[in-house]
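In what follows, a single structure is set out as C-alpha cells and then discussed.
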Amino acid sequence: MEWFVERHDGTGFMVRGKKIAEHEGKQKIEIFDTSLGKMLVIDGKIQLTEADEFFYHEMLVHVPMMMHSSPKKVLIIGGGDGGTAREVLKHDPEMVKIVEIDRAVVELCRKHLRIDDNAFDDERVEIIYRDGMEFVRECDERYDVIIVDGSDPDAASMPLVSKEFYSKCAELCDIFVTQSQSPLFQKEYFNAVLRNSTSFSFRRIYLSFVPSYPSGMWSFLLASGETLKMDMAIIKKRYEERGIKTRYYTPSMHLSSFALPGWLEEVVRKYGIGGI
Ligand code: SAM
C-alpha cells in the first residue's frame, strides 16, 4: 500500500495512491492515482485532487466573475492545470489568456488529468508560457478580471505576491483575485498578500473549504479600484442569466464566504481590510 505524504513545517497530509507520471524541469511535477482521484503535485505540494479541486476553482473564479457586470476579457496567471480556465469559460468570455511559467504542467495535465474539460483547446483561450511577473510588467492591455492561481510559496510563485506585481495588476484590471493560501498554517505568505496589495482601494478576504490543502481553510483576496457591492439579488440574477452550473459555488456561498472567524477578522483589519 503506497502513500503520498505532504510535509509542511510541522504538519502533514497523507493520501493513499501511486505515482503515474513525473517530470523534473523548472519544477518537479508528479501525478498520482489516489483515494481522492487523480492528484497533481508540484515540488512536493498538492496542487489539486479530483475529489475537491472544484471547491477551490469554483470559489476562486465565480466570486470575482459574478462581481463584474460583463467579464469578457480575463487574464489567468498560473493555473496550468486548466481548472480555472474551465470555470471562467462558463461565463462565455470573449478572450481568456493563461500565463503559465511551466509548459510541462500543461502538458502533463493534458495527458493525465484533463480537469480542463477541453478549455485548453477552446479557441478563445490562449496560453503564454512566461513568468506572470514579467508578463504584467510589460503588459499594456486591460482586462475585466485578473485571476492569480499560483502554486505554493516557492521561487517561482513568490514574485506573484510582490508590491510591484499587485500595483501593476491594479492598473490592468477592474477586478482582481488571488488565492492567498492558508491563513492558519501559512501566516507569512498570507500576511505578505495583505501587506503588499495596498494598491487596490477595495480589498476583501473570503474563504473556501478545500480538504486536501493545508488546514482545509483556504483564503482568497478579492480586490478592485472601486468599491464592490455584495448585492445578493444581483449575484443571483447573474448566476441565473449566465446559466452557470456549479457543484460548490452558490450565490449564498458567495456571500457567506466573506464572513470570517473573529481571529481572522482581527488580522485583516490590521491591514485596513474590511468585512462584508
Ligand atoms: N490550486 C493550486 C494552489 O492553490 O496552490 C495552484 C494550482 S496551479 C497548478 C499553480 C500554477 O502556477 C503552476 O502550474 C505553476 O507552474 C504556476 N506558477 C507558479 N509561479 C508562476 C509564475 N511566477 N508565473 C506564472 N505561473 C506560475
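The values are calculated or read from the model by the stated rules, or taken from the named source; none is laboratory data. Everything numeric here is computed off the predicted structure, so don't read it as measured data. So basically every Cβ, Gly included, is an ideal-geometry build from the backbone, and we count neighbours across all protein chains shown. Accessible surface is based on the protein model in full, side chains and every heavy atom, while ligands, DNA and RNA are left aside. Shrake-Rupley method; radii C 1.70, N 1.55, O 1.52, S 1.80 Å.
Between the C-alpha center of the range 203-276 and that of the range 86-108 there is a gap of 22 Å. Computed over the range 2-49, the P(r) curve from all C-alpha pair distances, binned at 10 Å from the origin, holds 29, 57, 15 percent per bin. Here the chain is scanned for GluC sites (Glu not before Pro) in DSSP loops (not H, G, I, E, B) that have at most 12 other Cβ atoms within 10 Å, and the longest stretch holding none of them is 3-93. Share of carbon and sulfur in the accessible area of the chain stands at 50%, probe radius 1.4 Å. By the helix-only formula, in which each DSSP H run with n ≥ 4 contributes -39500 (n - 2.57) and the sum is divided by residues, the chain has a 222 nm mean residue ellipticity of -8500 deg cm²/dmol.
Within the shell defined by Cβ-Cβ distances under 12 Å, the residues around L172 carry a net charge of -1, with Lys and Arg each +1 and Asp and Glu each -1. Taking Cβ atoms as reference points and 11 Å as the exclusive limit, the residues near D140 contribute a net charge of 0, counting Lys and Arg as +1 and Asp and Glu as -1.
Per residue, how much accessible surface does the range 30-119 expose to a 1.4 Å probe? Answer in Å², no decimals.
27
Roughly how far apart, in whole Å, are the Cα centres of the range 2-32 and the range 150-190? So the separation of the two Cα centres works out to 23 Å. Charged neighbours of V5, selected by a Cβ distance under 12 Å, balance to +1 (K, R count +1; D, E count -1). The lysine pair tally for the range 53-269, using Cα distances under 16 Å and a gap of 8 or more places or different chains, is 10. Projected label points at H112 and E2, each 7 Å from Cα along the beta carbon direction, are separated by 0.9 nanometres. Three semi-axes describe the equivalent ellipsoid of the range 1-144; taken as square roots of 5 times the Cα gyration tensor eigenvalues and ordered largest first, they are 28, 17, 14 Å.
The chymotrypsin sites (Phe, Trp or Tyr not before Pro) of the range 201-236 include none that meets both criteria, a DSSP state outside H, G, I, E and B (loop) and at most 10 other C-beta atoms within 10 angstrom of the site's C-beta.
Can you give me the convex hull volume of the Cα atoms of the chain, divided per residue and expressed in Å³? Let's see the in-between values first.
Values: hull volume 32.0 nm³, N = 276.
About 116 Å³ per residue, rounded to a whole number.
Charging the Cβ of each Asp and Glu at -1 and of each Lys and Arg at +1, and nothing else, the dipole of the chain about its Cα centre rounds to 660 debye.
Give me the dipole magnitude in Debye, nearest 20, for the range 2-49 about the Cα centre, with unit charges on the beta carbon: positive for Lys and Arg, negative for Asp and Glu. Can you show the working numbers first?
Values: 8 positive and 8 negative charges, 17 e Å.
Dipole size: approximately 80 debye.
Whats the longest run of the chain with zero trypsin sites (Lys or Arg not before Pro) that are DSSP loop and have at most 12 other Cβ atoms within 10 Å?
1-141
Leaving out ligands and nucleic acids, note down the accessible area per residue over the range 147-276 with a 1.4 angstrom probe, in whole Å².
Numbers: 5600 Å² over 130 residues.
On a per-residue basis, 43 Å².
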